[in-house]
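Contents: one structure, followed by commentary.
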Amino acid sequence: MKEIDEKTQQALLLFNRRAENAEKESQAANEIKKAEKIKDEAVAALQKVKDSGSDPEVIAEAESAWRNALDTWQKLRDGEETPEETPEETPEETPEETPEETPEETPE
């Protein structure tokens, strides 16, 4: 393997750091675009629900979704950290178990 001199090694490290930063900036820009799209969809859904005269509960849910989307978009835009999205765990339905009948032991 060929030895790399100090100057070349420093140049490679600098290049790698810049490449990583460019990748992070690109990912951040993509996240902002996604958040903006989600925010816009939430606004449209909220307006549709309001226009259709839905129940107040449905309107409240749509408004809550819009507020969450807006908050996430603003945080990403301002460079603040947002909590990582974790998939919501849904409790799995478990079939009702019947207790197994065990014969009672009688002391002898």
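Here, each number is a calculation from the coordinates, and none is a lab measurement. If you're wondering where the values come from, they're calculated on a predicted model, not measured in any experiment. Virtual Cβ from ideal backbone geometry, glycine too; neighbours counted across all protein chains shown.
Taking every residue in the stretch 1-16 that is touching a residue at least 24 places away in the same chain (Cβ under 8 Å) and pairing it with any residue that is loosely packed, with under 10 Cβ neighbours inside 10 Å and part of a helix (DSSP H, G or I), at least 6 positions away or on another chain, yields no pair with a Cβ-Cβ distance below 9 Å.
In the stretch 25-41, the residue that is farthest from the chain's Cα centre (by Cα) out of those that are closer than 15 Å to Asp78 by Cα and among the hydrophobic types (A, V, I, L, M, F, W, C) is Ala29.
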